[in-house]
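Novice: Have a look at this one.
The values are calculated or read from the model by the stated rules, or taken from the named source; none is laboratory data. What you see is a predicted model, and the numbers here were worked out from it, not measured in a lab. No Cβ is skipped: glycine too gets one built from the backbone with ideal geometry, and neighbour counts run over all protein chains shown.
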Amino acid sequence: MYVKIINALQIWQLFSTQPWLRWLKLMVRPEVKFFNLPKLIFTHLNQLEYMTVLYGNIEELPSYAFSESTTLREVKLSSNGIFRISTHCFYNMSNLILLELDENNIEELRKDMFMKLPKLYKLILSKNNISVIQDGTFSHLTQLEELHLDNNNLKRLNRMTFMELGHLKMLLLANNKIGKIDDFTFEQLWDVVVSFLIFV
């Protein structure tokens, strides 16, 4: 747990002597105004498999921030005030199976956010401010089985929203503001067995 950070880069340099680390959980105190996630982290932690950051007030995840990691299996970034996910932030993470981005301030999902994640099976985006999902945003997640989009500001779904999600089994959409669902929106969701479509 970090109370005061003068230079966020110094924090990650502390891990340079621990290249064998597999689990990492950071909880950042409220008085820390900004917590950075530089690509440098994976220079030192090249065996890291499970990473959690809580209350980091990160605001923006930079481009290619996690893309250097081929070892990470789970990334949990809940409750960090994330507003923007930059281009290819999670690009080409070949072993990632779980990505948690719930309880942040994300407003838009773009089609360059979740590319080359061949093993991702669970994506949690609950409790954000998402109102826009670009066509094809999830189309690269062909092994995805759980998608949590509940408690957002979604207003419309179309046939491109869930394109190529043939393995999806759980889809959560409760507590959105969905007023229109286009024809064939769920056409490719052959295996979904749990779907909550309670709109408010």
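Novice: Across the stretch 135-183, what is the total count of residues that are aliphatic (A, V, I, L, M), over 16 Å from the mean Cα position of the chain (by Cα) and more than 22 Å from SER94 (Cα to Cα)?
Specialist: Total meeting the criteria: 8.
Novice: What pairs come up if the first residue lies in the stretch 67-96 and is over 14 Å from LEU125 (Cβ atoms), the second is aromatic (Phe, Trp, Tyr) and modelled with pLDDT of 95 or more, and their beta carbons are under 7 Å apart, counting only those six or more places apart or on different chains?
Specialist: ARG73/TYR50; GLU74/TYR50
Novice: Can you tell me which residues in the stretch 53-77 are buried (at least 18 other Cβ atoms within 10 Å of the Cβ) and among the small types (Gly, Ala, Ser)?
Specialist: GLY56, ALA65, SER69
Novice: Quick check on LEU72: is it closer than 25 Å to LEU154 by Cα and not β-branched (Val, Ile, Thr)?
Specialist: On the way: closer than 25 Å to LEU154 by Cα: no; not β-branched (Val, Ile, Thr): yes.
So LEU72 fails the test.
Novice: Related question: Regarding ILE41, is this residue at pLDDT below 85 and more than 30 Å from SER139 (Cβ to Cβ)?
Specialist: Judged against the criteria, ILE41 is not a match.
Novice: What's the number of the condition SER195 fails, among (1) modelled with pLDDT of 95 or more; (2) over 13 Å from the mean Cα position of the chain (by Cα); (3) among the hydroxyl-bearing types (Ser, Thr, Tyr)?
Specialist: Failing condition for SER195: (1).
Novice: Of a type in the set (Phe, Trp, Tyr) and more than 19 Å from ARG73 (Cα to Cα): which single residue out of PHE114, PHE138, PHE184 fits that description?
Specialist: PHE184
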